[in-house]
There are 2 protein chains.
Amino acid sequence: VWTRLTARYWRGPPPELLAYGDPGGYLPLRESIASYLTTARGVRCEAEQVIIAAGAQQGLDLAARLLLDPGDVAWIEDPMHPGVLGALTGAGATVTPVPVDEEGIDIRVGMRNAPRARLAYVTPSHQYPLGVTMSLSRRLELLQWARDAQAWIVEDDYDSEYRYSSRPLASLQGLDAHGRVIYVGTFAKVLFPSIRLGYLVVPPDLVDAFATGNSLIIGHAPSIEQAVVADFIAEGHFARHLRRTRALYSTRRQVLLEAIQERLADRLNVQPSEAGMHLVGWLPPGVDDRLVSQQAAERGVVARALSLHYGEAPPRGGLVLGYAAFGPAEIRGAMARLASAVEASM
Amino acid sequence: VWTRLTARYWRGPPPELLAYGDPGGYLPLRESIASYLTTARGVRCEAEQVIIAAGAQQGLDLAARLLLDPGDVAWIEDPMHPGVLGALTGAGATVTPVPVDEEGIDIRVGMRNAPRARLAYVTPSHQYPLGVTMSLSRRLELLQWARDAQAWIVEDDYDSEYRYSSRPLASLQGLDAHGRVIYVGTFAKVLFPSIRLGYLVVPPDLVDAFATGNSLIIGHAPSIEQAVVADFIAEGHFARHLRRTRALYSTRRQVLLEAIQERLADRLNVQPSEAGMHLVGWLPPGVDDRLVSQQAAERGVVARALSLHYGEAPPRGGLVLGYAAFGPAEIRGAMARLASAVEASM
């Protein structure tokens, strides 16, 4: 399907898709995204509020540079994605890691440790990497804080498409009545990483600033790829692709859970999570996750150490295990080898 | 040819071209560019020194952010491209416009007005927008200054591919023996603007910093487009495309010069320039180029006011006239309408 959609444009590309485009992105794609997010994620927006970025990382970089001045304080969930830390510090921000509990980011700790923060970066649907879903009361508390502090919330909804055993929670953006939330999404996880297309949904009064900022920093994302994705969504392929991969990843997740139960039951305590493309498992106290990760790598298994994602001291060691890209036999073989790696590290 | 090369990858994309790629860019493309620049532009580099950017603007943004701290002073040629000013000020630099004479940027004025500059942004092959070629003595003077001041030179070679009546001068980078030059190039002008692919050539000891910076800011450019461009160059299509468009644009330039001679001889004094995709014409003293530009727009002709490109007061009004995208009849018709626009503005 992708080949056919791509060839359609290249055989006779419309001149406007070869020239410089709208710095906010190709309008039909912005319309497709707005319509998808309204239905699937409860996001409240018009197409003009959708700003296409050359990947979620670029969108986050743009948001950090536009919303923060050097020296401004930003909250980041702890544990975190290292790329997010890079984007925030790259914009000159002073970053305060705020712990995550079973309800999500602990806003009271944030207010105590960094009361003057100008921005909070959060992953409410599926905290990265722990997989926690932010509770409704925390969401309301966070929105209230942002309103009172006149601060910004960046909501990264990076893999909200994949939720297996419960109905997806609507986005935080949809609860925001005061224009404090910048919503970030990406096609890297649901289509393929090298496409380098992501998007922001910004409050109406920030649209011009984000489009202008984009044009000074990067211009815009490649137009023909934007047109192909717009058609992919509008013609129903995206919804079918999501249904198909959701079923596939759900099976793979189940295989991983069973393989851990069989091979690593007393060594890896799986963090509850109903969504995403990876699971986190906690190691027994005292076991060094970086050593396990290294031992796993020597056995051909990628199992990132959870401690590398923490700004403050981690409660204990753990591993980040991606499953979406692997078939059942690969997953079972990898868990057998991971069991040997854990054994060798104790 | 492009459709065929693109379809080749989409029919059965190699898995590594769908996953996250090298933050410095797709190696075969970096090799193709290094080989092209060595032969065509006298650039001295290995493939590893080529960093692929999502457009020249993004490359410039990356360079400005990595090489400058907030408050650092940067020289910019005056007149200038507004996007360059945006990238430099966006990185927190204090920008000093330095006048351009018939030999290029006036380094002595720069040294007098801003002796502590950390970076100079220049367009030696074909100054934007005036079209002046920087003389050899100025090039050597600039390199000597950068060496003495431990400053950086950003050489933007944005349309060096198009030179009509003389042999192209080699790049400034090729004269640099002390690793002070960052070379910037783009495919937007020679292929098509919406492709969003550019590149930097950085000194060997900056390669890691630029690749890491790229990965924190943007990840990398889309992989399959990079692979298509790599093949387009390696299979000889790029060289043929350049030969064909060079002949075409040379004809169009000649048509424009003749049409100006016929319709605007006493009203538009064409700035000498042997290269590029546009010409600059000076208006009679006292004529407001913004008014002419507006009158031209009302007659369906895009003729940007030169005064908009100046940081300091322009010597007189002028117009920037792009010709590469237009056939002879369009150019002749546009000059007739431009003559009427000038008439209406006097």
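The values are calculated or read from the model by the stated rules, or taken from the named source; none is laboratory data. Just so it is clear, the structure is predicted and the values come from calculations on it, not from any experiment. For neighbour counting, all protein chains shown are included, and Cβ atoms are generated from backbone atoms with ideal geometry for every residue, glycine included.
Structure summary
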{"quantity": "Selection within the stretch A:26-35 - surrounded by fewer than 19 Cβ atoms within 10 Å (Cβ to Cβ) and either modelled with pLDDT under 95 or not polar (S, T, N, Q) (or both)", "calculated": "A:Leu27, A:Pro28, A:Glu31"}
{"quantity": "Test result for B:Val73, touching a Gly at 6+ places or on another chain (Cβ under 7 Å), farther than 27 Å from A:Thr3 by Cα and either surrounded by fewer than 24 Cβ atoms within 10 Å (Cβ to Cβ) or of a type outside the set (Ser, Thr, Tyr) (or both)", "calculated": "no"}
{"quantity": "Residue among B:Val302, B:Val228 that alone is of a type in the set (Val, Ile, Thr) and either outside any helix (DSSP H, G or I) or surrounded by fewer than 14 Cβ atoms within 10 Å (Cβ to Cβ) (or both)", "calculated": "B:Val302"}
{"quantity": "Hey, B:Leu88 over 18 Å from the mean Cα position of the chain (by Cα) and aliphatic (A, V, I, L, M) or not", "calculated": "no"}
{"quantity": "Hits in the stretch A:46-61 - residues which are in contact with a Lys or Arg (Cβ under 8 Å, 6 or more places away or on another chain) and among the small types (Gly, Ala, Ser)", "calculated": "A:Ala47, A:Ala54, A:Gly55"}
{"quantity": "Qualifying position, being away from chain A (no Cβ under 14 Å), over 27 Å from B:Trp282 (Cβ atoms) and modelled with pLDDT of 95 or more, among B:Gln144, B:Gln127", "calculated": "B:Gln144"}
{"quantity": "Residues of the stretch B:263-299 classified as touching a residue at least 60 places away in the same chain (Cβ under 8 Å) and part of a strand (DSSP E or B), total", "calculated": "4"}
{"quantity": "So A:Ser215, is it away from chain B (no Cβ under 14 Å) and more than 11 Å from the chain's Cα centre (by Cα)", "calculated": "no"}
{"quantity": "Single unsatisfied condition, A:Lys189 versus (1) modelled with pLDDT of 95 or more; (2) closer than 30 Å to B:Ala227 by Cα; (3) surrounded by fewer than 24 Cβ atoms within 10 Å (Cβ to Cβ)", "calculated": "(1)"}
{"quantity": "Scope the stretch A:95-148; condition out of contact with any His (no Cβ under 7 Å at 6 or more places or on another chain) and of a type in the set (D, E, K, R); matching residues", "calculated": "A:Asp101, A:Glu102, A:Glu103, A:Asp106, A:Arg108, A:Arg112, A:Arg116, A:Arg118, A:Arg138, A:Arg139, A:Glu141, A:Asp148"}
{"quantity": "Qualifying residues in the stretch B:236-262 (those that are touching a residue at least 24 places away in the same chain (Cβ under 8 Å) and under 19 Å from B:Ala303 (Cα atoms)) - the one surrounded by the fewest Cβ atoms within 10 Å (Cβ to Cβ)", "calculated": "B:Glu262"}
{"quantity": "Condition check for A:Gly71: more than 19 Å from A:Leu200 (Cβ to Cβ) and out of contact with any strand residue (DSSP E or B) (no Cβ under 8 Å at 6 or more places or on another chain)", "calculated": "no"}
{"quantity": "Residue match in the stretch A:163-183 (condition: of a type outside the set (Phe, Trp, Tyr), at pLDDT 95 or above and within 30 Å of B:Gly25 (Cα to Cα))", "calculated": "yes"}
{"quantity": "Filter result for the condition that a residue is touching a helix residue (DSSP H, G or I) at 6+ places or on another chain (Cβ under 8 Å), more than 14 Å from chain A (Cβ to nearest Cβ) and either basic (Lys, Arg) or not in a helix (DSSP H, G or I) (or both), over B:Arg244, B:Arg252", "calculated": "B:Arg252"}
{"quantity": "Conditions (1) surrounded by 19 or more Cβ atoms within 10 Å (Cβ to Cβ); (2) under 28 Å from B:Gly83 (Cα atoms); (3) among the basic types (Lys, Arg): number failed by B:Arg267", "calculated": "(2)"}
{"quantity": "Subset of the stretch B:280-303 [of a type in the set (A, V, I, L, M, F, W, C) and closer than 14 Å to B:Ala334 by Cα]", "calculated": "B:Val292, B:Ala296, B:Ala297, B:Val301, B:Val302, B:Ala303"}
{"quantity": "Test: residue in the stretch B:193-211 that is surrounded by fewer than 18 Cβ atoms within 10 Å (Cβ to Cβ), under 21 Å from the mean Cα position of the chain (by Cα) and within 14 Å of chain A (Cβ to nearest Cβ)", "calculated": "yes"}
